[in-house]
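The values are calculated or read from the model by the stated rules, or taken from the named source; none is laboratory data. Quantities reported herein were computed from a predicted structural model and do not represent experimental measurements. Backbone-built Cβ (ideal geometry, glycine too); neighbour counts: all protein chains shown.
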Ligand code: BES
Ligand code: ZN
Ligand code: ZN
């Protein structure tokens, strides 16, 4: 017979023993068993969730379990569910935050533009039984809800098709978020960017009929415990990347609508930050363009002058993300940012290096990277520290301009990061390449196919933990 350390669910021991003895319940992670009519419970059905080995169980594991449970129950037509997290050791603030976040992430589906609405409906209401310590635990659940909603906003934006989500539409979505959350927003249009001299960003935009924008969203803390710090979060917002004149192969090109996933993560992060109120200033910078091969498109061989004054030889128009990031980063420095984090679906090379599990993190400052790694660990967003030795700079040399926009055949994620570093200078900075992690090609038990929101949670935790 099964034994319970915690007697709260002792009533389950008897009915579950048969499942256990038949090998239908083993406790391995994400194993779900739905049991009907357990005596002594008001719920009609009890879902037993496998949580794996005790020493491997943590917030990341629970985040996946609640997400997967919600998705499992959707398949069973369940409309409302409750999580019993009131056992000792389960109702810590950290675990409850992860539980709420996971459940909300599990609800999201990428099918909003399907007109046939007859399929299974998502679980509509979820309650959490958390036990003693209600106020602090409520706040922890609320925290998880705020992150989960922000992740889902970011996924809503990233999943939009590129004919709908143009650069100006992205700016509109950012404006709606900012107004609702009480953040100030400034959207620079082509003329203002031209006056400022953002030649790198505007060079990418010139091949498209869709006008570009630079979205700036400001969070000013009510109590500022780090007045010397001003965080700048920068997200790549290429609403569609054809490659431009250096055009991409047609196979798989439709996926390049997610080349604005960095932007979507930053917009979602700002919404969560507005609600969670860290005591440090944060400004978001989102350069947004469509990379098209129109009649006015930039050519390989063109030389543009960036906002920093540095000249760039365009050797491949498909290496456009680094060009728009360069001007956004220079602008962030001009506006007084002291620490910069940028995120971008920047290179295919990072997917070759790390696959779809970890994002690549590059830095010029180990202290800031340490903070970023801690924040991402807490968010359950895997990062891997990638090299950025000075020697990579040699690969970007060109005789005609200060820098070329591509390196050689190998180490493409590193030369891309090195290009960005040229514009960052000495400001502490982390660059996060999410080309392999911002989008799931296949659904996971706890997450639908499509955008993941990564690295939204890391951004929010970095700001919340700042000292
Ligand atoms: N948006 C792509 C990178 C990308 C590739 C994102 C695969 C997601 C999945 C980026 O703009 C790009 O095209 N990069 C080129 C750079 C090359 C021309 C140096 C690449 O990775 O091939
Ligand atoms: Zn590209
Ligand atoms: Zn791109």
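Some points to look at:
- Sole residue being within 14 Å of ligand 3 (Cβ to nearest atom) and on the phi > 0 side of the Ramachandran plot, chosen from 252, 336: 252
- Condition check for residue 188: within 22 Å of residue 283 (Cβ to Cβ), buried (at least 16 other Cβ atoms within 10 Å of the Cβ) and in contact (Cβ under 8 Å) with a residue 12 or more places away in the chain: yes
- So residue 236, is it on the phi < 0 side of the Ramachandran plot and within 16 Å of ligand 1 (Cβ to nearest atom): yes
- Annotation: residue 117 fulfils all but one of (1) closer than 23 Å to residue 283 by Cβ; (2) surrounded by fewer than 20 Cβ atoms within 10 Å (Cβ to Cβ); the unmet one is (1).
- Check on residue 262, within 16 Å of ligand 2 (Cβ to nearest atom), assigned to a loop (DSSP other than H, G, I, E, B) and buried (at least 21 other Cβ atoms within 10 Å of the Cβ): no
- Candidates in the range 374-387 are the residues that are crowded, with 19+ Cβ neighbours inside 10 Å and at negative phi; of these, the one that is farthest from the chain's Cα centre (by Cα) is 386.
- Selection count where residues are in a strand (DSSP E or B) and either modelled with pLDDT of 95 or more or assigned by TED's automatic domain parsing to the domain that holds residue 451 (or both), scope the range 129-141: 0
- Filter pass, residue 248 being under 20 Å from residue 156 (Cα atoms) and within 13 Å of ligand 2 (Cβ to nearest atom): no
- Screening the candidates 350, 329, 324 for the property of being within 16 Å of ligand 2 (Cβ to nearest atom), farther than 13 Å from residue 434 by Cα and in contact (Cβ under 8 Å) with a residue 40 or more places away in the chain yields one hit, 324.
- Filter result for residue 425 (over 30 Å from residue 104 (Cβ atoms) and either at pLDDT below 95 or surrounded by fewer than 21 Cβ atoms within 10 Å (Cβ to Cβ) (or both)): yes
- Scanning the range 385-423 for residues that are touching a strand residue (DSSP E or B) at 6+ places or on another chain (Cβ under 6 Å) and within 30 Å of residue 457 (Cβ to Cβ) returns 385, 386, 388, 413, 417, 420, 422.
- Condition met for residue 250 (away from ligand 1 (no atom under 11 Å from the Cβ), modelled with pLDDT of 95 or more and either farther than 28 Å from residue 141 by Cα or part of a helix (DSSP H, G or I) (or both)): yes
- The set of residues in the range 392-431 being within 15 Å of ligand 3 (Cβ to nearest atom) and under 16 Å from the mean Cα position of the chain (by Cα) consists of 431 alone.
- Condition met for residue 234 (away from ligand 2 (no atom under 16 Å from the Cβ), touching a residue at least 60 places away in the same chain (Cβ under 8 Å) and buried (at least 24 other Cβ atoms within 10 Å of the Cβ)): yes
- Scanning the range 281-294 for residues that are away from ligand 3 (no atom under 16 Å from the Cβ) and touching a strand residue (DSSP E or B) at 6+ places or on another chain (Cβ under 6 Å) returns 281, 282, 283, 284, 285.
Yes/no matrix, rows are residues, columns are (1) assigned to a helix (DSSP H, G or I); (2) free of Cβ contacts under 8 Å to residues at least 60 places away in the same chain; (3) on the phi > 0 side of the Ramachandran plot:
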| position | (1), (2), (3) |
| --- | --- |
| 55 | yes, yes, no |
| 62 | yes, yes, no |
| 67 | yes, no, no |
| 73 | yes, yes, no |
| 81 | no, yes, no |
| 91 | no, yes, no |
| 104 | yes, yes, no |
| 113 | no, yes, no |
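- Test: residue in the range 425-445 that is on the phi > 0 side of the Ramachandran plot and away from ligand 2 (no atom under 16 Å from the Cβ): yes
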